[in-house]
Amino acid sequence: MANLNKVFLIGRLVADPQLQHTSSGTPFTRLRIAVNNPYRDRDGNWQDNTLFIDVVLWGAAADRAVGRFNKGDRVLVEGSLRQSTWKTESGENRSKIEVRADRVSALDPRREVLEEEEEIDDIEF
């Protein structure tokens, strides 16, 4: 049986992308997006359940994301789930699930116009 690890998310950026580098010099940026999941409660009223998802971009795409995307921008993220693990200063093992992006596209009309002028549709890895 085949396995599938593919994620598509539409949400808004919680903060401006910040460029970072690994100890070997590889550029990366972490995006955090808010994804709303509306539902009806028992009384029939609409409620929002907001998920905050961590997304990682690597290499040249991380460079390009900084300055092109801003807090509040609506984006489409396409990628796969990855588990990140580390040890705390006290020696405890920690892990979290995040999305490693293959593509991030702007969905706001004002951003699409800007990107068309720059001849950039989206950022691919």
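A few notes on this one:
- Net length gained if the chain between residue 82 and residue 36 were fully extended (0.36 nm per residue, minus Cα distance): 14.4 nm
- Cβ-placed point charges (K, R +1; D, E -1), dipole of the chain about Cα centre in debye, nearest 20: 640
- Relative contact order (%) - the range 7-97, alpha-carbon pairs under 8 angstrom, separation at least six: 33
- Rounded to the nearest 500, the 222 nm mean residue ellipticity of the chain from helices alone is -3500 deg cm²/dmol, with -39,500 (n - 2.57) taken per DSSP H run of at least 4 residues.
- Pairwise Cα distances in the range 7-97 exceed 22 Å for 41 percent of all pairs.
Throughout, read-outs are computed from the coordinates displayed, never taken from laboratory work. Note that the structure is predicted; figures quoted are calculated from it, not measured. Here Cβ is always computed from backbone atoms with ideal geometry, including for glycine, and neighbour counts include all displayed protein chains.
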